[in-house]
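A quick write-up on the structure given underneath.
The values are calculated or read from the model by the stated rules, or taken from the named source; none is laboratory data. Note that this is a predicted model, so its numbers are computed, not measured. Using ideal geometry, Cβ is built from the backbone for each residue, glycine included, and neighbour counts are taken over all protein chains shown.
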Amino acid sequence: MKYDMYNEVLEQPESLKKTLNEEESHMKEIAEKINGMDRIYLVGCGSSLSTCYSARDAIGFLSDMNIEVHTGYEFVHHKNLQKSNSVLILTSQSGETADTLAALRKAQENGIYTISITNEPESSMIKESDDSVLTRCGRETAILGTKTYMTQLLCLYEILFSIEGSAESEKILNDLKQIPSIIEELIKSTEEKNRILAKEYKDEDIFYCMGSGPNFGLAYKIAMTMLMEGALKHACPLYSGEFRHGLIERAEKNVPIIFLDAGFPGDELTSKSIEFSNEIGAKTITFNMNDYSNIHPLLAPFILIIPIEWFIYYLSHYNGEDPGSTRHIGKVRY
């Protein structure tokens, strides 16, 4: 049986191509418009929040831009917002996420320039923000939002690295154009291996997920929306550097730990954590950027997400769950 998520995984390359073709010049205009702003706020919820973490940590390797990441309601209740010469970039699949929409309205009340990134052309966020980028995904059925994640991350990278403007950023932006074709091949080549891996781990109930730099944002997505929402497994994300400040006491024999490695400076600690976990017999699952692509390592979240999507998809399947359905989200409004 194939669930809706299956087709949405396959549609990611085309969604990226369409978004780049239709919005690239507009995103560069946005970057030019907000270049020189003193502060950039990034706001999202769930999977959209994870793209904000990854974009902030990626640009932080090259730039001293003042970027803050908040969830929707944390932004709303923040008492120390910079109201002048600042911009808020919001990410949402539907453009109707209550928390994110509240943040948009709070920003506008305070004179902060607003930019929305969403899939829905008639959404409140598109209509109410000062500027917007429309990702070419269409409405996604599966809660995991595979196409949404990819295209939102693409837009954040395109805007922020265009602002940074160095030769290194230009290389990243050029490599970004290769992402659709790279992941098209990875979708084909990584499915079977991760189907087998998922069958091996189907009876596990809790997973820890670790990464450094922009891979922390991916670890957050894996734990928060993919494992907990999609596969209905307990999960916890953390930065690699935090392993010895907590997880080291819970990393026991046969405990599954997912490691994301792209050779970032912080991945020295990822490697040490993998070594320790192997020594004590933990079940280590490592996704290494070098195994999948040789493009710029700061683009690792775009690459590593593909084999992990297959792992989560089949993990859900082998537990009799539809990875795109929900039990409670549609029933709770607050």
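One table, with the values for the structure above:
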quantity	calculated
Cβ-Cβ under 7 Å pairs, at least 6 apart or on other chains, segment 59-75 side without any contact (Cβ under 8 Å) to a residue 40 or more places away in the chain, far side assigned to a loop (DSSP other than H, G, I, E, B) and β-branched (Val, Ile, Thr)	Gly72/Thr97
Residue under evaluation Arg39, criteria (1) touching a Leu at 6+ places or on another chain (Cβ under 8 Å); (2) crowded, with 17+ Cβ neighbours inside 10 Å, criterion not met	(1)
Checklist (1) modelled with pLDDT of 95 or more; (2) touching an Asp or Glu at 6+ places or on another chain (Cβ under 9 Å); (3) over 23 Å from Ile303 (Cα atoms) applied to Glu68, failing item	(2)
Test result for Ser325, modelled with pLDDT of 95 or more, of a type outside the set (Phe, Trp, Tyr), buried (at least 18 other Cβ atoms within 10 Å of the Cβ) and part of a loop (DSSP other than H, G, I, E, B)	no
The lone exception for Ile295 - which of (1) touching a residue at least 40 places away in the same chain (Cβ under 8 Å); (2) surrounded by fewer than 18 Cβ atoms within 10 Å (Cβ to Cβ) it fails	(2)
Some residue of segment 247-259 being in contact with a strand residue (DSSP E or B) (Cβ under 9 Å, 6 or more places away or on another chain) and part of a helix (DSSP H, G or I)	yes
Members of segment 127-164 found to be aliphatic (A, V, I, L, M) and under 16 Å from Ser25 (Cβ atoms), listed by number	Val133, Leu134, Leu154, Ile159, Ile163
Every pair of residues 6+ apart whose Cβ atoms lie under 6 Å, when the first sits in segment 27-50 and is at negative phi and free of Cβ contacts under 8 Å to residues at least 60 places away in the same chain while the second is part of a loop (DSSP other than H, G, I, E, B) and surrounded by 24 or more Cβ atoms within 10 Å (Cβ to Cβ)	Cys45/Thr97
